[in-house]
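J.: Take this structure first; my questions come after.
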Amino acid sequence: MVHLPDSMIQLLKLAKISSMYPGYLRALYARYPEAADSSYAEQYRLIMDGGFGWSDFWKRHLEATGRFEVLEIVINAEPLQRAWAREHGLSVTAENWREEVVTRQVAGFQPDILFPHDFHLISPEFRARLRNECPSIQRTVFYDGVGFCRALEFPDCDLMLSCVQFIVDYYRAAGLKADIFKLGFEHTLLERVHQSTERSTGAIFVGSVYLRPFAHMARLAVLAKLAREQRLWLYLNAPGGRELVAHGVRLLLERRWAELAAFPCTATRALRLGSRNRGSLYGLEMYSALSTAQICVNVHIDTSGNMAGNMRMFEATGMGCCLLTDYKENLRELFEPDREVITFRSATECAGKLSYLLDHPIECAKIAHAGQQRTLRDHRLDAQILRMADTLLTLAS
């Protein structure tokens with residue numbers, strides 16, 4: 001990062017528009033019901049202090065360079081956004097409140113770069129209207145971490161980011177500028193989560209299990225086997241009965257006969273998980289659970305292919321868990337297998353290695369410590385964001 005005298009610095013303004021899991025927002029407002037009537041600033045701080053996802057870490061780390069001013073918008077936090085509208089004298093309609101409030105927020109901020117992190121809620125048509133309302137926008141940056149891989153959806157793309165190399169390669173082949181943004185661990189969370197000297201929980205999985213095609217079918221198979229052997233604590237945002245029925249109907253309507261034939265097995269696995277599910281955890285609650293666990297199991301989303309790099313790898317190792325993760329061909333670029341993390345290639349192998357680690361806690365703790373040291377050295381989120389700061393400055397120049 002080039003450092004200039006303060007008098008010579010013109011701040012680069014970035015508007016980042018994100019969403020947060022509805023489950024996280026529902027749980028937060030249920031815990032603090034009075035928050036919905038509080039000010040925008042108070043609600044914003046409550047949401048960000050919960051430590052969910054990227055929280056406001058981009059804003060913090062970019063602004064710490066002295067080269068950026070960042071507006072962080074949580075597009076699907078309705079009480080938060082409506083509070084902003086009230087405080088700015090904006091009367092919004094029931095059906096278009098998201099777009100109406102975001103348009104005013106962005107227009108008032110006059111950013112140089114637009115970063116619509118949630119491109120599902122921000123359509124190409126809406127982005128075009130934003131740029132029309134806000135001519136200060138010179139560049140638009142996107143992030144595809146799940147293999148969306150639809151270049152035609154991004155006619156306004158100046159830079160596509162992804163944590164997976166094959167996704168970057170896809171967009172480059174389609175003629176777009178694309179770059180790797182490695183995920184990482186927000187190290188300041190270690191100061192905010194109580195660190196127990198004793199890891200009282202054996203093995204856990206914290207995350208989602210969806211039955212959508214190409215989502216979590218491999219994850220479902222692994223977790224169902226572990227749940228059957230009852231050696232794993234599950235904290236799931238998991239399918240319930242309605243989603244199971246909807247999935248079966250979808251397979252029938254789309255005439256996906258092979259998947260429909262396997263549906264009873266899928267449903268049995270999902271129900272088995274449901275019976276072992278201790279409930280969803282988000283943000284600091286999730287990190288707290290990781291801080292008391294010996295082992296964290298990780299299975300990548302189906303669309304990741306043979307490439308590793310999801311958030312759970314760094315969350316788990318950062319909090320000092322022994323990571324038991326599915327093998328991917330690039331894993332050695334991130335961690336040293338069998339010393340910093342443990343890998344598996346099948347549900348059966350995962351179950352066997354999990355049993356071994358639980359039966360050998362000293363060896364498990366050594367691997368956990370080595371994995372945490374590697375993450376804190378090479379996989380910190382602030383380092384990845386600071387590397388991206390230079391890219392954004394170059395893009396805007």
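J.: So if I place +1 on the C-beta of Lys and Arg and -1 on the C-beta of Asp and Glu, and nothing else carries charge, what would the dipole magnitude of the chain be about its Cα centre? I want it in debye, nearest 20.
T.: That gives a dipole near 1020 debye.
J.: On to the next question. Please order TYR356, TYR170, TYR327 by the number of other Cβ within 10 Å, starting at the fewest.
T.: Ranking TYR356, TYR170, TYR327 by Cβ neighbours within 10 Å, fewest first, gives TYR356, TYR327, TYR170.
J.: Long-range amide H contacts for THR343: which residues qualify at under 5 Å (H placed 1.01 Å from N, peptide plane, sequence gap of 5 or more or a different chain)?
T.: THR325, ASP338
J.: Ranking LEU46, LEU323 by Cβ neighbours within 10 Å, fewest first, what do you get?
T.: So the ranking, lowest neighbour count to highest, is LEU46, LEU323.
J.: For CYS364, CYS296, what ranking results if the residue with the fewest other Cβ atoms within 10 Å of its Cβ goes first?
T.: Ordered by Cβ neighbours within 10 Å, fewest first: CYS364, CYS296.
J.: Right, something else. Okay, helix-only estimate at 222 nm for the chain: each DSSP H run of n ≥ 4 adds -39500 (n - 2.57), divide by all residues, round to 500 deg cm²/dmol; what do you get?
T.: Calculated from helices alone, the mean residue ellipticity at 222 nm is -14000 deg cm²/dmol.
J.: If R0 is 30 Å, what FRET efficiency do you get for ARG278 and GLU336 from their C-beta distance, rounded to 0.05?
T.: Once the sixth-power term is evaluated, E becomes 0.40.
J.: Amide H neighbours of TYR210 under 5 Å, counting only residues 5+ apart in sequence or on other chains, H built in-plane at 1.01 Å?
T.: Long-range HN contacts for TYR210: HIS216.
J.: Turning to a different aspect of this structure: Subtract the Cα-Cα distance of ALA173 and ARG228 from 0.36 nm times their separation in residues, and report this length gain in nm to one decimal.
T.: Contour length minus the Cα-Cα distance gives 15.4 nm.
J.: Considering lysine pairs in the chain that are 8 or more places apart or on different chains, how many have Cα atoms under 22 Å apart?
T.: 11
J.: Applying 1/(1 + (r/R0)^6) with R0 = 30 Å to the Cβ-Cβ distance of ASP37 and GLU95, what FRET efficiency is obtained, to the nearest 0.05?
T.: The value I calculate is 0.85.
J.: Could you tell me which GluC sites (Glu not before Pro) in region 1-97 are loop residues by DSSP with no more than 14 other beta carbons within 10 angstrom of their beta carbon?
T.: Those that pass, being in a loop and sparsely packed, are GLU95.
J.: To continue, here is another question. If you keep only loop residues by DSSP, which trypsin sites (Lys or Arg not before Pro) in region 336-378 have at most 12 other Cβ atoms within 10 Å of their Cβ?
T.: Answer by residue number: ARG339, ARG345.
J.: Let me ask something else. Given R₀ = 35 Å, what would the calculated FRET efficiency be for GLN373 paired with THR348, taking r from the Cβ atoms and rounding to 0.05?
T.: Calculated transfer efficiency: 0.70.
J.: For a test of the definition: using alpha carbon positions, the gyration tensor, and the 1.5 limit on a/c, classify region 299-362 as rounded, prolate or oblate.
T.: In terms of gyration-tensor shape, oblate.
J.: Figure the gain on full extension for ALA64 and HIS187 (residue separation times 0.36 nm, minus the Cα-Cα span) and round it to one decimal in nm.
T.: So the extension gain works out to 42.7 nm.
J.: I want to verify a result. In a Gaussian network model of the chain, Cα cutoff 10 Å, which of these has the top mean-square fluctuation: GLN138, GLN165, GLN372?
T.: The residue with the greatest mean-square fluctuation here is GLN138.
J.: Have a look at the DSSP beta bridges in the chain and tell me what percent are antiparallel, nearest 5.
T.: Taking every DSSP beta bridge with both residues in the chain, the antiparallel ones total about 0 percent.
All of the numbers you see were taken from the coordinates with simple rules; none came from a lab. Here the structure is a predicted model, which means the values were calculated and not measured. Cβ: placed from backbone, ideal geometry, glycine included. Neighbour counts: every protein chain shown.
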